[in-house]
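These notes concern the structure reproduced below.
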Amino acid sequence: MKPLDAKTSNPRLGAPSFPLGHRLFRLAWNLVWSLCGRWTPVPLFAWRRFLLRRFGARIDRTARIYPGVEVWYPPNLAMAAYSCLGRSVDCYCMDRIELGAHAIVSQGAHLCTGTHDVDDANFQLVTRPILVGANAWIAAEAFVGPGVIVGEGAVLGARAVTFRNLDSWTVYGGNPARKLRRRFEQDKPGIFPVRLNS
């Protein structure tokens, strides 16, 4: 669902950025998640997966969603096998957020797919998807901005901030995030690391 045209909806004057049906869906989702999902004990991964799926998310049966996770709009969330959203991750999925197999988003990280056109007098809301590749790691309290592609096996360090794509098998840190070094590739995920030749 794309945002309303700010020229006609006037969100700067307090009007909504999304249609009524979309807002009512999110209201129902927030009520269900607040009452039945967000606070549930850690072992209840299957229950949290079930709730997200009922509201349109595509979640593999092996994916893990920890307590405290915020999901803005479940139909825009997809999680592949053994991917993970840690405690209190904020999935601000105004647009698609997709996690590849074994991708990890650690506690307190923020995946933000929405921004505003600062050169538009109406401050138009703009959305772009975030794709987190297989075996990538978004560390604690890091921020990933709209439209970012996190390459396979990439690492974004704790509290780092990126608005640009991250190369595969590369470690990044800082604000703004910069390349720190190459990461060990996995010959087979979860088995033995193989050092890359520089």
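The values are calculated or read from the model by the stated rules, or taken from the named source; none is laboratory data. Computed from a predicted model, the values in this text were never measured in an experiment. For neighbour counting, all protein chains shown are included, and Cβ atoms are generated from backbone atoms with ideal geometry for every residue, glycine included.
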Checklist entry - Quick check: anything in segment 93-106 surrounded by fewer than 19 Cβ atoms within 10 Å (Cβ to Cβ), out of contact with any helix residue (DSSP H, G or I) (no Cβ under 6 Å at 6 or more places or on another chain), in contact (Cβ under 8 Å) with a residue 12 or more places away in the chain and of a type in the set (S, T, N, Q)? => result no
Checklist entry - Hey, any hits in segment 5-16 for a residue that's farther than 17 Å from Ala136 by Cα, touching a helix residue (DSSP H, G or I) at 6+ places or on another chain (Cβ under 9 Å) and acidic (Asp, Glu)? => result no
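So, Arg64, is that one at pLDDT 95 or above and touching a Phe, Trp or Tyr at 6+ places or on another chain (Cβ under 6 Å) or not?
Values: at pLDDT 95 or above: yes; touching a Phe, Trp or Tyr at 6+ places or on another chain (Cβ under 6 Å): yes.
Spelling it out, Arg64 is indeed at pLDDT 95 or above and touching a Phe, Trp or Tyr at 6+ places or on another chain (Cβ under 6 Å).
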Item to check | Test: residue in segment 130-137 that is surrounded by 19 or more Cβ atoms within 10 Å (Cβ to Cβ), among the polar types (S, T, N, Q) and in contact with a Gly (Cβ under 7 Å, 6 or more places away or on another chain) | outcome: yes
Item to check | First in segment 111-131 and without any contact (Cβ under 8 Å) to a residue 12 or more places away in the chain, second anywhere and surrounded by 16 or more Cβ atoms within 10 Å (Cβ to Cβ) and in a loop (DSSP other than H, G, I, E, B), Cβ under 6 Å, 6 or more apart | outcome: Asp117/Gln124
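For segment 1-79, which fully contained helices (runs of 4 or more DSSP H) count at least 3 residues that are loosely packed, with under 15 Cβ neighbours inside 10 Å?
Details: elements: 6-9, 20-36, 45-54.
So the answer is 20-36, 45-54.
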Checklist entry - Given the structure, is Pro41 more than 30 Å from Asp117 (Cβ to Cβ) and out of contact with any Phe, Trp or Tyr (no Cβ under 6 Å at 6 or more places or on another chain)? => result yes
Item to check | Among the residues listed as Cys84, Cys93, the single one being of a type outside the set (Gly, Ala, Ser) and in contact with a Ser or Thr (Cβ under 7 Å, 6 or more places away or on another chain) | outcome: Cys93
Item to check | Odd one out for Pro146 among (1) touching a Ser or Thr at 6+ places or on another chain (Cβ under 8 Å); (2) farther than 30 Å from Leu13 by Cβ | outcome: (2)
Checklist entry - Name the pairs whose Cβ atoms lie under 8 Å apart, with the first residue in segment 1-27 and of a type in the set (S, T, N, Q), the second modelled with pLDDT under 90 and assigned to a helix (DSSP H, G or I), and 6 or more positions between them or separate chains? => result Ser17/Ser9; Ser17/Pro11
